[in-house]
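A short worksheet on the structure shown next.
The values are calculated or read from the model by the stated rules, or taken from the named source; none is laboratory data. If you're wondering where the values come from, they're calculated on a predicted model, not measured in any experiment. Backbone-built Cβ (ideal geometry, glycine too); neighbour counts: all protein chains shown. Calculation scope for accessible area: heavy atoms of the full protein, side chains included, ligands and nucleic acids excluded. Shrake-Rupley method; radii C 1.70, N 1.55, O 1.52, S 1.80 Å.
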Amino acid sequence: MREDDENAWFAAKRYGFGTGVPIRWPGWVMLGAVIALVVAIQKSVPKDRIGTKGWLLLILLVGATWIAARHTRGGWRWRWGERD
């Protein structure tokens, strides 16, 4: 996404690096889907398959992080609290 994109799904954090809260409905849908999938993986994968559960959660969270980074207003960079 470009810094001037008005269709960003997430606001940038004011301090630090990364994504802040969702500001558009697709961001809220993505956040809800990630939470639902984490709960579903935790409930459905048996305890004796802890390695499988870990890999599924890792893939899910890496994918969600990549999507959030692409849809954050202003992109990901370190911020010191100034208004953008």
* For the chain: Kirkwood Rh in Å [reciprocal of mean 1/r, alpha carbons] -> 14.0
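At 1.4 Å probe size, put Arg49, Arg79 in order of accessible surface, largest to smallest. Don't skip to the answer; put the middle values down first.
On the way: Arg49 125, Arg79 10 Å².
So the residues, ranked largest to smallest area, are Arg49, Arg79.
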* Structure fact -> Contact order relative to length for the chain, counting C-alpha pairs under 8 Å separated by 6 or more residues, stands in percent at 50
* Label-point gap, in nm, between Phe17 and Leu57 - each point 7 angstrom along Cα→Cβ -> 2.3
* Asked: What 222 nm value per residue comes from the helices of the chain, counting each DSSP H run with n ≥ 4 as -39,500 (n - 2.57) and dividing by all residues, nearest 500 deg cm²/dmol?
  -> -17000 deg cm²/dmol
* Residue with peak Gaussian network fluctuation, the chain [Cα springs, cutoff 10 Å], from Gly18, Gly51, Gly74 -> Gly51
* To do: Determine the share of the chain's accessible area contributed by carbon and sulfur atoms, expressed in whole percent, with a 1.4 angstrom probe.
  => 66
* Spin-label pair Glu82/Val38, simplified geometry with 7 Å Cα→Cβ offset, distance in nm -> 3.3
* **the chain: angle of helix 50-70 to the longest principal axis, Cα-based, in degrees nearest 10** => 20
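Once you charge only the Cβ atoms, +1 for Lys and Arg and -1 for Asp and Glu, what is the size of the charge dipole of segment 1-66 about its Cα centre, to the nearest 20 debye?
On the way: 8 positive and 5 negative charges, 83 e Å.
With only Lys, Arg, Asp and Glu charged at Cβ, the dipole is about 400 debye.
With every protein chain kept in place and ligands, DNA and RNA left out, what is the accessible area per residue of segment 1-51? Probe 1.4 Å, answer in Å². Could you put the intermediate results ahead of the total?
Details: 3770 Å² over 51 residues.
Averaged over the residues of segment 1-51, the accessible area is 74 Å².
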